[in-house]
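Read the figures in this text as sums done on the coordinates, not as results from a lab. A quick note: this is a predicted structure, and the numbers were derived from the prediction, not measured. Note that we place each Cβ from the backbone using ideal geometry, even for glycine, and neighbour counts take in every protein chain shown.
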Amino acid sequence: MSPTFYLYLSAILFTIGTLGVLLRRNAIVVFMCIELMLNATNLALVTFSRINGTLDGQVMAFFVMVVAAAEVVVGLAIIVSVFRTRRSASVDDANLLKY
Amino acid sequence: MPTAILASGLNASGPETAVFWILAPIAVIFALGMVFSRHTVHAALMLGGVMLILAVFYAAQDAPFLAFVQVIVYTGAVMMLFLFVLMLVGVDTKDSLVETLRGQRFAGVVAAIGFLLLLFTGIVNAGIHGSKGLHAVNFADDQPARGVENAGGNVYQIAKLLFDRYVFAFEATSALLITAALGAMVLAHRQRHTPKLTQRELMQQRFKFGTHPAPLPGPGVYARHNAVDTPALLPDGSPSPLSVSLSVELVSQKHGRAPRPAELGSSAAAHHPASGKGQSE
């Protein structure tokens, strides 16, 4: 089967993640959508690796996973500290830098 | 080598096509459900489903190592972290359906569709025909480490790349992980504005202000009722409201199980001798 289908699936998942970031206002759900986008990119990298017949794509996907794990740790810590001061996880409520 | 079996079993064209066409729509449905579900916990579970399906796709594409790492790191660690923070922040926080910016939803959907078309055009224009496949690379036995288990194979080849060509990136990763751990500690650290109370001060406060200095009574344990929402009975047979936690009472009211002081008061006489007998036996 042609690996192009995986690329289409990856594009669809990435777009759904973008849609979630644009539409949702709960910071945790926005964060999950970012994770979905990272996962879609990983699928594309693994597929590229298969298309080109080298393992570099898989190593890159591995590094993306490491960076994503670090990002989740820091991002969730930010969400927790914002929640502690504003008592809300909505991205609309963190607006002190707005004016 | 189970990974090789896993990879080769899925890699024959027929089964892989079937797996793809069964799981890909499920992945898309889960992803859409994640975006549109109002319950954050449902969204988290659906994201976990998408991640598991992606792990299957990695296994089908000659990447068994990444498939296992995906399950361990994403569905294991990252999703647990998400659920943990969800519980910390409060499960009941639902999104309001009010648009703060007028037309934001419509504009977002239009932008997403445009972006999807852009990506699809790019993939079509790339003109990818067939693939070289990774089987030859994964099982290229150049200088196999003799006596080492799983010499050759995907994990071995990735390790060779990781510790040879990408070793500086790998070292930079360790710096990144340490920084992230430090950052999380700094961000989640709460500064104390008041000095910590000693046990003596706590005790004094309790006796100065508290109307009930002793610990609260525990919930009732009887022969037929043994639950935290069953109030304890006072010596005169009346139920003690102090013995049931307020949040437990709220939950049982929400689920239609009204707290039963009245019910218990009437049946207390019937229960009491029975429970006494049960305990003595």
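Report D for chain A in µm² per second (integer): Stokes-Einstein, Kirkwood Rh on Cα pairs, 37 °C, 0.692 mPa s.
Taking Rh from Cα pairs, D becomes 218 µm²/s.
Could you tell me the relative contact order of chain A? Use alpha-carbon pairs under 8 Å, at least six residues apart, and round to a whole percent.
27
Just to confirm the number: angle between the C-alpha axis of helix A:56-86 and the first principal axis of chain A, 0 to 90 degrees, nearest 10?
That works out to roughly 10 degrees.
Sort B:47-57, B:101-111, B:187-197, B:72-82 for me by packing, meaning the mean count of neighbouring Cβ atoms within 10 Å per residue, highest on top.
Highest mean packing first, the order is B:47-57, B:72-82, B:101-111, B:187-197.
Between residue A:8 and residue B:111, what is the FRET efficiency for a Förster distance of 25 Å, r being their Cβ-Cβ separation, to the nearest 0.05?
E(calc), rounded to 0.05, equals 0.85.
Let's test the formula: R0 of 45 Å, r as the Cβ-Cβ distance of residue B:177 and residue B:236. What FRET efficiency results, to the nearest 0.05?
0.10
Working out 0.36 nm times the residue gap between residue B:29 and residue B:251, then minus their Cα-Cα distance, what length gain in nm do you get to one decimal?
Between residue B:29 and residue B:251, full extension yields an extra 76.7 nm.
Applying the Karplus parametrisation 6.51 cos²θ - 1.76 cosθ + 1.60 with θ = phi - 60° to the phi angles of region B:18-34, what ³J(HN,Hα) value in whole Hz is obtained for each residue in order, glycine and proline being reported as x?
In residue order, the calculated couplings are 4, 4, 4, 6, 7, 7, 4, x, 5, 4, 5, 5, 4, 5, 5, x, 5 Hz.
Between residue B:193 and residue B:101, what length comes free when the chain is fully extended (0.36 nm per residue of separation minus the Cα-Cα distance, one decimal in nm)?
The residue B:193-residue B:101 span can extend by a further 29.3 nm.
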